[in-house]
Structures are given as C-alpha cells and as structure tokens.
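Asks: Below is a structure I'd like to ask you about.
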Amino acid sequence: MTVASDDGGDDGFSKSQRLQKRHQFLHARRRGRRAEGRWVVVYAVPNDVGHSRLGVTASRRVGKAVVRNRWKRRLREIFRRNKNRFGDRFDVVIIVKHGRSMPEFEALRRDVYKAVGRAIKAGRRRGDRS
C-alpha cells in the first residue's frame, strides 16, 4: 500500500537523495548550520547537486540495533514524504539524541520540521555556498 506524501513530494528515496560517504557527513557537520530539537540535532549545508540529500546518524548510545534502525527508518520516512520541507539544495544530517525514548511519529515529525527549518533558515541567512 502506497501512502501519499503530506506535501505532494514524490515518494521515492533514491541513492542520489542520500548522504552515503563519511566526508559528506563531516562536511555537513563542519560547515553546516546547526539546530537542535527535542529528539534530534540537525545540520544543514547548501549543496550544488540541485536537490536536497539526507543523512541519518544514530549512535550505539541511542540503543541496540533494532532501536537505532527504527529511529533511522522513521527519519527517512519523514524526509521521503516531505522533501520540500528540507529545502531545495541542502545536505541535511540528522543525529538522534541519546537517552530519549521513541516519540510518537507525529511528534517526531513536528520536531524534525522545526529543527530543519531553523537550520536551513540560518544557512540561507549566512549565505553559505561552500
């Protein structure tokens, strides 16, 4: 069963929309603008790819593999359904905070939207193009 996206974005999550290499994650962390939510920390840096890409990190401190993978699946699903909320041309890294219990999907979605919005707004204001 296919679930329609909340904001009309396409429903795929191809390899071109993912941050896959360590240097891509490090670039976003070093050069990107940071914003914190209740459950996540977000880094966003403008890119020259032409579309936004997502990378998700959940360390072992978050929990065992099942828990970490559930966090990552939920965060990828939020991106997949609502790509337009992640800016036009940004690399976004979402880091799950440790010591937090798994929230309801809607609460996590709102938290991610707020944090991503703040990080992207700060990146645009700063005028980064690195």
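Asks: For the chain, return all DSSP H helices satisfying: extent of Cα atoms along own axis at least 27 Å; mean Kyte-Doolittle hydropathy at least -1.0.
Replies: For the chain, where a helix must reach 27 Å along its axis and average at least -1.0, the hits are 105-126.
Asks: Moving on. What does the charge count around LYS15 come to, taking other residues whose C-beta lies under 12 Å from its C-beta (Lys +1, Arg +1, Asp -1, Glu -1)?
Replies: Taking every Cβ under 12 Å from that of LYS15, the sum is +3.
Asks: For the chain, with only Lys/Arg (+1) and Asp/Glu (-1) charged at the beta-carbon, what is the dipole magnitude about the Cα centre, in debye rounded to 20?
Replies: Approximately 700 debye in magnitude.
Asks: Here is a further query. Give the longest segment of the chain that steers clear of trypsin sites (Lys or Arg not before Pro) in DSSP loops with at most 10 neighbouring Cβ atoms within 10 Å, not counting the sites themselves.
Replies: 65-128
Asks: Over the Cα atoms of the chain, what radius of gyration and what Dmax do you get, in Å?
Replies: Cα radius of gyration and Dmax of the chain are 13.8, 42 Å respectively.
Asks: What FRET efficiency comes out for TYR113 versus ARG70 if R0 is 25 angstrom and r is the Cβ-Cβ distance? Round to the nearest 0.05.
Replies: 0.80
Values in this text are rule-based calculations from the coordinates and carry no lab data. Since the structure is predicted, the reported quantities are computational estimates derived from the model, not experimental observations. Counting neighbours? That spans all protein chains shown, and the Cβs are built from the backbone with ideal geometry, glycine included.
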